[in-house]
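The values are calculated or read from the model by the stated rules, or taken from the named source; none is laboratory data. Please read all numbers here as calculations on a predicted model, not as lab measurements. Glycine gets a Cβ as well: all are built from the backbone with ideal geometry, and neighbour counts include every protein chain shown. Just so you know, the surface numbers come from the protein's heavy atoms only, side chains and all, with ligands and any DNA or RNA stripped out. Shrake-Rupley method; radii C 1.70, N 1.55, O 1.52, S 1.80 Å.
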Amino acid sequence: MPRPWEGLLVRRARTWLPGLLLVTPSIILIAVFVYGMLGWNFQLAMTDKHDEVSEGEFVGLQNFIDIWDQPRWHLSVQHAIVFTVVFVLGALVLGWLLAFLMEKGIRGEGTFRAIYLFPMAISFVATGIVWRWLMNSGTGERAVGLNRLFDAIGLPQWQWFRDPDWGMAAMALPAVWQMSGYVMALFLAGFRGVPEELREAARVDGCNEWGVYRHVVLPLLRPVTLSALIILGHISLKVFDLIVAVSGKQIITDVPAVFMWVAVFDSHDPAKGATIASYIVLSVAIFVIPYLIWSVRKERRH
């Protein structure tokens, strides 16, 4: 005769066991190929394996400290910061503006929405190849792309990504073009999610249209803005394919991911490459982990 607790155990197992069996392969693959590889990378970064043949001895955090003595690392970090600021702010502002215009219910909204979202379907490599031609630094008779257009309408021509001061800001333009449509979709969903009753109540209280957006709509869009900020931030910090497709492995547009590639595959220094990769992972975690904590707390409150 079965015991009462055995029947309870079977009923509970029928509730959670099918779901567990369904996600177990994914859990195993993520544990091995994501967190396992991250652990292996951090372990390699804490060794003196600066060639491909030596075993490497444990040196702790020495590599993480020594890399700050290299001028190229400082330059790549500065470039990454400039790229991140221009890319994130540009995509947020342009995406918000497009969503604001679309939210007004323009004619042919579906067509415009598809046009704005289309760049996201293109890889960063394809985007980089096209924008490498658009941002060609040739001037005068050798001008092509945007410089040819500027010359035709009487505007000054630019060095674009070859400019030592504004090169990384120009490098962010293709990324802004590609991701602003996605940000537009996020903000448009946020705009459409604001109840019309709240807007009408604000208008009754004397708010003009700008006041309605400032005091009602924009505060309710904070979760959307935070989500867009996290997504764009982690993309910008690990950008690699766009940079290489546009300018190659040049110092003038160097970022940590490109520096990591050069360290591993050109200089054959696994420990340095793993150290740079570890810094990239930590910088992305600064964006992602607080967002995950905030999301979990929000779900618990609801």
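Annotations
- Picking from residues in the range 95-105 that are in a helix (DSSP H, G or I) and open to solvent by 70 Å² or more (accessible area, probe 1.4 Å), the one that is farthest from Met171 (Cα to Cα) is Leu101.
- Residues satisfying the stated conditions in the range 35-55, i.e. closer than 14 Å to Leu282 by Cα, among the small types (Gly, Ala, Ser) and without any contact (Cβ under 8 Å) to a residue 12 or more places away in the chain: Gly39
- The range 124-173, subset under 22 Å from Gln78 (Cα atoms) and free of Cβ contacts under 8 Å to residues at least 40 places away in the same chain, residue surrounded by the fewest Cβ atoms within 10 Å (Cβ to Cβ): Asp165
- Test: residue in the range 272-281 that is among the aromatic types (Phe, Trp, Tyr), under 21 Å from the mean Cα position of the chain (by Cα) and farther than 30 Å from Glu52 by Cα: no
- Cβ pairs under 7 Å, 6+ apart, first in the range 68-93 and in a helix (DSSP H, G or I), second hydroxyl-bearing (Ser, Thr, Tyr): His79/Thr253; Phe83/Ser236; Thr84/Ser236; Phe87/Ser236; Val88/Ser236; Ala91/Ser180
- Only a single item in (1) farther than 30 Å from Lys249 by Cβ; (2) of a type outside the set (Asp, Glu); (3) touching a residue at least 12 places away in the same chain (Cβ under 8 Å) is not met by Ala31, and it is number (3).
- Some residue of the range 226-239 being buried (at least 19 other Cβ atoms within 10 Å of the Cβ), within 30 Å of Glu57 (Cα to Cα) and modelled with pLDDT of 90 or more: no
- Subset of the range 38-56 [of a type in the set (A, V, I, L, M, F, W, C) and open to solvent by less than 90 Å² (accessible area, probe 1.4 Å)]: Leu38, Phe42, Leu44, Ala45, Met46
- Qualifying position, being surrounded by fewer than 15 Cβ atoms within 10 Å (Cβ to Cβ) and not basic (Lys, Arg), among Val59, Val77, Val23, Val82: Val23
- Residue among Val212, Val217 that alone is under 25 Å from Ala114 (Cα atoms), part of a helix (DSSP H, G or I) and β-branched (Val, Ile, Thr): Val217
- Tally, over the range 119-144, of residues that are among the basic types (Lys, Arg) and closer than 25 Å to Gly181 by Cβ: 1
- Failed condition for Leu149, given (1) out of contact with any Phe, Trp or Tyr (no Cβ under 9 Å at 6 or more places or on another chain); (2) outside any helix (DSSP H, G or I): (2)
- Any hit, the range 286-298, residues being modelled with pLDDT of 90 or more, under 22 Å from the mean Cα position of the chain (by Cα), open to solvent by 30 Å² or more (accessible area, probe 1.4 Å) and of a type outside the set (Lys, Arg): no
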